[in-house]
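Asker: Please see the structure below; I have some questions.
The values are calculated or read from the model by the stated rules, or taken from the named source; none is laboratory data. A quick note: this is a predicted structure, and the numbers were derived from the prediction, not measured. Note: areas computed on protein heavy atoms with side chains; ligands, DNA, RNA excluded. Shrake-Rupley method; radii C 1.70, N 1.55, O 1.52, S 1.80 Å.
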Amino acid sequence: MKSVLAIRHVAFEDLGSFEAVFQHHGFDVTYVDACVDDLSAVDAAAPDLLVVLGGPIGVYEEDTYPFIRREVALLQVRLERQLPTLGICLGAQLIARAMGARVYPGPAKEIGWKPLQLTEAGRHSAVAHLDGASTSMLHWHGDTFDLPEGATLLASTDLCAHQIFSVGAHVLAFQCHPEVLGDTLERWLVGHACELAANHIDVPELRADGLLFSRQLAQQGALCLTQWLVQTGLVK
C-alpha cells in the first residue's frame with residue numbers, strides 16, 4: 001500500500017478534503033504531530049508522499065519552536081532525493097526555507113476567501129483546477145517567502161505574489177488552503193479566535209463565505225490533487 005505521512009502542527013489543520021482523495025487512491029495515511037512527536041525518529045525517505053500542513057507559527061521562530069529545524073532537515077532530505085512532497089501554508093514556507101529562500105512577515109494579514117490569479121505555468125499545471133474562474137480559495141496567513149531558486153510560480157493574489165509554486169514534478173507548495181473542509185471550518189474559527197479578533201476579521205462573514213465556497217473548493221481541490229498525483233507517478 002502506498003503511504004502518506006502528514007506532519008501536523010495543530011489538530012484542526014489536517015488533510016481536510018485531501019484525505020478522502022488519498023483514501024480513494026489506496027494510500028495509507030499517517031499523522032505525525034510536529035509539536036509533540038519525535039521528528040528525529042521519522043525516516044524522511046520512507047513515505048511515498050510527505051505532506052507538511054499549516055500552523056500559526058513562523059518558520060523563522062526556530063529558537064522558540066526548535067522542532068522547526070528538524071522539519072527543515074526532513075524536507076531537505078526529500079528535496080535532495082526528489083521525493084514527492086506537498087506543503088500547505090506553513091508547509092509551503094518550510095519547503096521554501098529548506099530550499100534556501102527567505103521567509104518573512106508579509107505586508108498584511110491575508111485572511112478570507114478570494115480567487116487565485118494563475119500564471120501561464122499555472123494554467124498548464126494541475127493548479128489549473130483552482131483558477132479563480134472555477135473556485136474561490138481560503139487564505140489564512142501573515143508570512144510570505146521569496147520564490148526559491150529552481151521553483152516555478154503557479155499562482156498569486158494581490159497581497160501575496162507567491163501563492164503556489166512547484167519544483168519539477170515532485171514538489172507542490174500552497175501558501176493558501178485548498179484542503180479546507182466547510183464541515184470543519186468552525187474549528188478554525190475557534191482555534192484562531194485571538195488572531196481573528198486582533199485583525200478585526202468579521203467571523204460571521206468568514207463563516208458564511210465558507211458555507212458558500214467550500215463545497216466547490218473541495219471538488220476543484222480533489223481534481224488538482226489527483227492530477228498532481230498522476231504527474232508524480234504515485235497514481236496511474
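Asker: Can you quote the Å³ per residue value for the convex hull of the Cα atoms in the range 1-134, rounded to an integer?
Answerer: 141 Å³
Asker: Rounded to a whole number, what % of the accessible area of the chain do carbon and sulfur atoms account for, probe 1.4 Å? Don't jump to the answer; show the numbers that get you there.
Answerer: Numbers: 5290 of 10120 Å².
Solvent-exposed carbon and sulfur of the chain make up 52 percent of the total.
Asker: Here is a further query. Arrange the residues Met1, Met99 by how much accessible surface each exposes, largest first, with a 1.4 angstrom probe. Before the final figure, lay out each step's value.
Answerer: Numbers: Met1 180, Met99 50 Å².
Greatest to least solvent exposure: Met1, Met99.
Asker: When the Cα centres of the range 195-236 and the range 20-42 are compared, how far apart do they sit, in Å?
Answerer: After rounding, the separation between the Cα centres reads 20 Å.
Asker: Taking just the C-alpha trace of the range 132-236, give me its Rg and Dmax in Å.
Answerer: 15.2, 46
Asker: For the chain, what is the Kirkwood hydrodynamic radius in Å, using each pair of distinct C-alpha atoms?
Answerer: Answer for the chain: a Kirkwood hydrodynamic radius of 17.6 Å.
Asker: May I pose another question? Tell me, what is the per residue accessible area of the range 167-221 in Å², probe radius 1.4 Å?
Answerer: Here the residues of the range 167-221 average 49 Å² of exposed surface.
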